[in-house]
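The values are calculated or read from the model by the stated rules, or taken from the named source; none is laboratory data. Here the structure is a predicted model, which means the values were calculated and not measured. Neighbour counts are summed over all protein chains in view; Cβ atoms, including those assigned to glycine, are modelled from backbone coordinates with ideal geometry.
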Amino acid sequence: MAEAMAAMSRHARTFWLAARLLPATVRHDVMLLYLVCRTLDDLVDEGDPSAQRRLVEVAAWAAGGSPVGREELILQHLRERHPAIPLDAVTDFCAGQEQDFGQVAFRTEAELDLYAYRVAGTVGRMMAAVLGTRAPEADGAARALGIALQRTNVLRDVEEDSRRGRSYLPQESLELASGDRVMQMRIEVAIAQHWYERGLAGVPLLQQGGRVVRGAAQMYRAILLEIERNLVRQTLPVRAVVPARRKLRILAGEMLRIA
């Protein structure tokens, strides 16, 4: 548990602020799920020689195989506690991580949406299963919210990704913007906002932690506002940062919100 808490506090400060407010019945499980996903993501990003093998092993477990490493054991434990965790989300997550080997470039918005679903929408689906849902539609909303969060990451990390040989912004939107990269960013911000609306619409379908999920999403969504402010000044590339004090105000507002 200590390692899971340390990983979240170090790599996901926005979600760390919110996760501590989750009900005690699910807080531990949410952090363990994050630890699994963070560990696999780090193996890929850091170029660990074992990354591809570990992704194959985790996907094989999800397909009915035996656990080989710690991540499969944790997932197996979580699924025993939350049988609704979708195994296809695990295999899709592994497929998304494999896309990050080597250079990345997307041609269409559909390709970016698929990638965003694989690396983040899958996590949203698993998270929703841990929190519990009131209707089948919650799965699609969790998928949408994950896509919104990942699209926000893409917009925030344009410069950093470029240095890694990765270009997640689709050529399709650049062509629509007639080669104007500021306009392309505006288009991408609008698409991300659309995914947030779809995702947040499903928050009332969660059995637990709905206000925390909404608060975390709105804190992350604030990054888009910072990006838009930079775009008004025509400044690119952009690495938007939301001050911790503002995040706390957003989170507090959501926690006190009348449903």
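Every residue, every condition in (1) under 17 Å from the mean Cα position of the chain (by Cα); (2) farther than 24 Å from Leu21 by Cα, yes or no:
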{"position": "Val154", "(1), (2)": "yes, yes"}
{"position": "Gly165", "(1), (2)": "no, yes"}
{"position": "Met219", "(1), (2)": "yes, no"}
{"position": "Leu231", "(1), (2)": "no, yes"}
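Restricting the range 1-49 to residues that are within 17 Å of the chain's Cα centre (by Cα), over 23 Å from Leu87 (Cα atoms) and basic (Lys, Arg), the residue that is modelled with the highest pLDDT is Arg13.
Scanning the range 94-108 for residues that are buried (at least 18 other Cβ atoms within 10 Å of the Cβ) and over 18 Å from Arg164 (Cβ atoms) yields a total of 1. Those helices (runs of 4 or more DSSP H) of the range 46-155 in which at least 2 residues are under 28 Å from Glu197 (Cβ atoms), considering only elements entirely within it, cover 87-99, 109-116, 122-131. In the set (1) part of a helix (DSSP H, G or I); (2) at pLDDT below 80; (3) within 23 Å of His194 (Cα to Cα), the condition left unmet by Leu225 is number (2).
Quick grid of which residues meet (1) at pLDDT below 95; (2) within 22 Å of Glu160 (Cβ to Cβ); (3) of a type in the set (Asp, Glu):
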position: Gly69; (1), (2), (3): no, no, no
position: Leu75; (1), (2), (3): no, no, no
position: Pro86; (1), (2), (3): no, no, no
position: Asp92; (1), (2), (3): no, no, yes
position: Asp113; (1), (2), (3): no, yes, yes
position: Val119; (1), (2), (3): no, yes, no
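Listed by first and then second residue, the pairs linking a residue in the range 34-57 that is within 30 Å of Arg20 (Cβ to Cβ) and acidic (Asp, Glu) to a residue that is in a loop (DSSP other than H, G, I, E, B) and at pLDDT 95 or above, with Cβ atoms under 9 Å apart and 6 or more places separating them unless they lie on different chains, are Asp42/Asp48.
Confirm whether Glu175 is in contact (Cβ under 8 Å) with a residue 12 or more places away in the chain, assigned to a helix (DSSP H, G or I), acidic (Asp, Glu) and out of contact with any strand residue (DSSP E or B) (no Cβ under 6 Å at 6 or more places or on another chain). It would help to see each step written out before you state the result.
Working: in contact (Cβ under 8 Å) with a residue 12 or more places away in the chain: no; assigned to a helix (DSSP H, G or I): yes; acidic (Asp, Glu): yes; out of contact with any strand residue (DSSP E or B) (no Cβ under 6 Å at 6 or more places or on another chain): yes.
Against the criterion (in contact (Cβ under 8 Å) with a residue 12 or more places away in the chain, assigned to a helix (DSSP H, G or I), acidic (Asp, Glu) and out of contact with any strand residue (DSSP E or B) (no Cβ under 6 Å at 6 or more places or on another chain)), Glu175 does not qualify.
When Leu248 is tested against the conditions (1) modelled with pLDDT of 80 or more; (2) over 18 Å from Met127 (Cβ atoms), the lone failure is (1). Entry remark, the range 181-200: residues being aliphatic (A, V, I, L, M), surrounded by fewer than 16 Cβ atoms within 10 Å (Cβ to Cβ) and either within 20 Å of the chain's Cα centre (by Cα) or not in a helix (DSSP H, G or I) (or both) number 1 in total.
Being over 15 Å from Arg107 (Cα atoms), in contact with a Phe, Trp or Tyr (Cβ under 7 Å, 6 or more places away or on another chain), touching a residue at least 24 places away in the same chain (Cβ under 8 Å) and of a type outside the set (D, E, K, R) narrows it down to one residue among Leu200, Leu149, Leu155; which is it? Going through Leu200, Leu149, Leu155 in turn, just one is over 15 Å from Arg107 (Cα atoms), in contact with a Phe, Trp or Tyr (Cβ under 7 Å, 6 or more places away or on another chain), touching a residue at least 24 places away in the same chain (Cβ under 8 Å) and of a type outside the set (D, E, K, R): Leu149. Just one residue in the set Thr152, Thr235 is modelled with pLDDT under 95 and β-branched (Val, Ile, Thr); that residue is Thr235.
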